[in-house]
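Taking it in order: structure first as structure tokens, then the write-up.
The values are calculated or read from the model by the stated rules, or taken from the named source; none is laboratory data. A quick note: this is a predicted structure, and the numbers were derived from the prediction, not measured. Using ideal geometry, Cβ is built from the backbone for each residue, glycine included, and neighbour counts are taken over all protein chains shown. Each accessible area value is taken on the protein alone, full model and side chains, heavy atoms only, with ligands, DNA and RNA left out. Shrake-Rupley method; radii C 1.70, N 1.55, O 1.52, S 1.80 Å.
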Amino acid sequence: MPDREDARVRTLNQQRGDAAEDLVAGRLLAAGWTILAHNLHVGRSEVDLLAIDPTPPGRLVLVEVRWRNGTSFGLPEETFDHRKRGHLRAALAQLLAGGRLPDGRALPRLHAAGDLVGVGPPLRAGEPPEIRHHRDGLAARWSTGGGGTGRGDGGGRGRRGGRPGRAPGG
């Protein structure tokens, strides 16, 4: 059985994912957001970032960060499927029901939402990674356009049809 130190070894992909989350957190802080938690465990789910969006009227936001180092297999956002969306919705509901963070701090009384942030490779060499922030991304579905599965949940993995859309009523 590995000791605790070995269990904390992060793969290169995990380290890149961590870097993407740090990049997004930095951008949010620069925009005036308050980060309440990073890699927050709620039940069986992990919330990448929990933050306060100061834009009036203010929102308590669960932020899911998706990254890819290439676009050959689609945009990072296209990996956000109905299962992950369901886990994060459940995590948000559990947080709100308890009214507190796992460390005991009270949650602010704000409208709660979930945003999706995609981090992709730079458009040109020497530029920073491309970041796409989708407000209320937990409510959004990914349209498959003319082809794909038609489920609207990211099941169509190709670049051609994977464009952000809105869920009916969302």
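Brief remarks on what is shown
- Average accessible surface for region 41-82: 44 Å² per residue, computed with a 1.4 Å probe over protein heavy atoms with every protein chain in place.
- Furthest towards positive pole of dipole, ALA91, PRO102, ALA51, structure part region 1-102, Cβ charges: ALA91
- Region 40-108: C-alpha gyration tensor shape, a/c 1.5 cut-off, then a/b vs b/c: prolate
- Sparsely packed chymotrypsin sites (Phe, Trp or Tyr not before Pro) within region 65-103, loop by DSSP, other Cβ within 10 Å at most 14: PHE73
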